[in-house]
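Following: one structure in structure tokens, then a few remarks.
The values are calculated or read from the model by the stated rules, or taken from the named source; none is laboratory data. Everything quoted here is computed from the prediction, not taken from an experiment. Please note: Cβ atoms are built from the backbone with ideal geometry, for glycine as well, and neighbour counts cover all protein chains shown.
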Amino acid sequence: MIIENEKDLEGLRRIGRIVAIARDEMAKAVKVGITTLELDEIGKKVLEDNGAVSAPKSEYDFPGFNCISVNDVVAHGIPSEYKLNPGDSINIDVSASLDGYYADTGMTLVIPPAKYKQAKLVEVSKAALYKSIEKAVVGTRTNNLGRVIYDEARKSGFNVIRNLTGHGVGRSLHEDPENIFNYNEKRGSIILKKGHVLAIETFISEGDDYVEEYADGWTLKTPNQHQVVQFEHTVVVTEGKPLILTLGELSDFYSPDEK
């Protein structure tokens, strides 16, 4: 989507704020013993209380209101009765719509005690996201966003997932550009214009470079049980600094260590 007027921007700001609140409320509730289904209910309530509609539920009939992925599940994890354990890595991915506008955000956190590699993956994935966002300016090609992510991963000895990508967003959950890869892939890249709305996300892997679909038809896992850390923001390309629509109100990308 390319923003055409102030109404578009305001609509995107509203839904961006809502999905950020849902993400953060779920993150703040993460603790040993809570189930991913209970976390999903927290996110569902935030969306419903604000009049928003879960995008995976409404668009794809996903069996949950939010995607919650644990350990070697990389994406599209189905909320369940699984109880979180110390050392689990959990990804919370929230996307929703309000009044015809969509926003998408995600974060990964580790329940203490975190292993060194887990903590490093989180640090690198978060840093890669913000460095990529800095490149989301008028006139650049989307493959340059991926180049930054890949370089950040490789300098720390990590890899990137090549068959999961960021994407355009705005009037629907997935729009042009269809793919914003996590590496320098010129195939399908476009030149960014003022007002472009992007869901930029990082998939930093401790080894594997692709994911496979699990038997349930939804869950995406790495073939060698390698962990992957994802962070995601919805961003608007402006003539100046990119505008991030999904920043948290109290803290950005909350961690249980900050309690």
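Checking the stated criteria, Asp176 turns out to be touching a residue at least 12 places away in the same chain (Cβ under 8 Å), closer than 21 Å to Tyr60 by Cβ and either within 16 Å of the chain's Cα centre (by Cα) or surrounded by fewer than 19 Cβ atoms within 10 Å (Cβ to Cβ) (or both). So Glu239 clears everything in (1) free of Cβ contacts under 8 Å to residues at least 60 places away in the same chain; (2) exposed (fewer than 15 other Cβ atoms within 10 Å of the Cβ); (3) of a type outside the set (Lys, Arg) except one condition, right? Which one? Tallying (1) free of Cβ contacts under 8 Å to residues at least 60 places away in the same chain; (2) exposed (fewer than 15 other Cβ atoms within 10 Å of the Cβ); (3) of a type outside the set (Lys, Arg), Glu239 fails exactly one: (1).
Checked against the criterion of being basic (Lys, Arg), without any contact (Cβ under 8 Å) to a residue 12 or more places away in the chain, surrounded by fewer than 21 Cβ atoms within 10 Å (Cβ to Cβ) and in a helix (DSSP H, G or I), the stretch 8-28 contains not a single residue that satisfies it.
May I ask you to list the residues in the stretch 176-232 that are closer than 24 Å to Phe65 by Cβ, outside any strand (DSSP E or B) and of a type in the set (Phe, Trp, Tyr)? If the condition is that a residue be closer than 24 Å to Phe65 by Cβ, outside any strand (DSSP E or B) and of a type in the set (Phe, Trp, Tyr), then Tyr214, Trp218 are the ones that fit. With the condition kept exactly as written, say whether any residue in the stretch 202-213 is in contact with a Lys or Arg (Cβ under 6 Å, 6 or more places away or on another chain), at pLDDT below 95, aromatic (Phe, Trp, Tyr) and farther than 20 Å from Val94 by Cα. No, the stretch 202-213 contains no residue that is in contact with a Lys or Arg (Cβ under 6 Å, 6 or more places away or on another chain), at pLDDT below 95, aromatic (Phe, Trp, Tyr) and farther than 20 Å from Val94 by Cα. Which residues, taken from the stretch 191-204, are touching a strand residue (DSSP E or B) at 6+ places or on another chain (Cβ under 7 Å), surrounded by 15 or more Cβ atoms within 10 Å (Cβ to Cβ) and of a type outside the set (D, E, K, R)? Selection gives Gly195, His196, Val197, Leu198, Ala199, Ile200, Thr202, Phe203, Ile204. Listed by first and then second residue, the pairs with beta-carbon distance under 9 Å, at least 6 apart or on different chains, first residue in the stretch 181-208 and under 14 Å from Arg154 (Cβ atoms), second crowded, with 22+ Cβ neighbours inside 10 Å and charged (D, E, K, R), are Asn182/Glu201; Thr202/Glu152; Thr202/Glu232; Ile204/Glu152. Only residues that are buried (at least 17 other Cβ atoms within 10 Å of the Cβ) and either among the basic types (Lys, Arg) or in a loop (DSSP other than H, G, I, E, B) (or both) were counted in the stretch 35-64, giving 5.
Contact map, the stretch 216-227: first residue within 17 Å of Ile90 (Cβ to Cβ) and at pLDDT below 95, second residue hydroxyl-bearing (Ser, Thr, Tyr) and in a loop (DSSP other than H, G, I, E, B), Cβ cut-off under 6 Å, separation 6 or more or different chains; the map is empty. Please find, among Asp104, Asp93, the residue that is crowded, with 18+ Cβ neighbours inside 10 Å, in a strand (DSSP E or B) and in contact with a Cys (Cβ under 6 Å, 6 or more places away or on another chain). Testing whether each residue is crowded, with 18+ Cβ neighbours inside 10 Å, in a strand (DSSP E or B) and in contact with a Cys (Cβ under 6 Å, 6 or more places away or on another chain) leaves just Asp93. Consider the stretch 107-128 and keep the residues that are in a loop (DSSP other than H, G, I, E, B) and either touching a helix residue (DSSP H, G or I) at 6+ places or on another chain (Cβ under 9 Å) or touching a residue at least 60 places away in the same chain (Cβ under 8 Å) (or both). The one that is farthest from Thr202 (Cα to Cα) is Pro112.
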